[in-house]
Amino acid sequence: MAQKTKPINEMKLAFPALSVNEGFARTAISSFIGLLDPKMDELIDIKTAVSEAVTNCIVHAYRDFAGNIELSAKAYPDRTVYIKIKDRGCGIEDIGQAMEPLYTSHPEEERTGLGFSVMESFCDDVKVSSKPGSGTTVTLRKKLKTKL
């Protein structure tokens, strides 16, 4: 999933896994992607996918302690953008199951279980790596169209 060419731009942020920072993550990625002059629907897609990934960290990764979320992004000359959302929380036992539509690890709460499905519908590729007790990294890839 990684590019072989050098990125034309990149960024990295870290912030506490607090619900108020979901909007911060959307704004930060929007500012970064905005430099590439994307189409409006592409920008909305990316913001929504990042929002879902960050929300998953806030809701699921840090159940018993406060932790940080790392958000990084790289843009390449072919207009492909890679975005990573990383936590060092509880991790995911079964990634395949977690990525199934409507699955939630906390059915007692009002959760739809659609986070990964939303990310997959708005990005060209979604990769999830996780180790129980060590955290999760979600990598999103989106190739922006060339503006006419």
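Read the figures in this text as sums done on the coordinates, not as results from a lab. Here the structure is a predicted model, which is why all the values come from computation and not from measurement. As a convention, Cβ positions derive from the backbone with ideal geometry for all residues, glycine included, and neighbour counts pool all protein chains shown.
Taking θ as phi - 60°, what are the ³J(HN,Hα) couplings along the range 8-18 by the Karplus curve (6.51, -1.76, 1.60), each to the nearest whole Hz, with x for Gly and Pro?
With the stated coefficients, the range 8-18 comes to 8, 6, 7, 8, 8, 9, 9, 8, x, 6, 10 Hz.
Taking 0.36 nm per residue of separation and subtracting the Cα-Cα distance, what length does fully extending K143 through A66 add?
24.4 nm
I'd like to compare 116-127, 79-90: which one has the highest average count of other Cβ atoms within 10 Å, and what's the full order after that?
79-90, 116-127
Students often check this: by mean Cβ neighbours within 10 Å, which of 52-65, 29-42 ranks highest, and how do the rest follow?
Result, highest mean first: 52-65, 29-42.
What is the spin-label model distance, in nm, from M40 to E93 if the labels are put 7 Å beyond Cα along the C-beta direction?
About 4.5 nm, to one decimal.
So what are the ³J(HN,Hα) numbers for the range 22-27, from phi and the Karplus equation (6.51, -1.76, 1.60; θ = phi - 60°), rounded to whole Hz, Gly and Pro as x?
In residue order, the calculated couplings are 4, x, 4, 4, 4, 5 Hz.
Counting Lys +1, Arg +1, Asp -1, Glu -1, what net charge surrounds K131 among other residues with beta carbon under 11 Å of its beta carbon?
After counting each charged neighbour, the total is 0.
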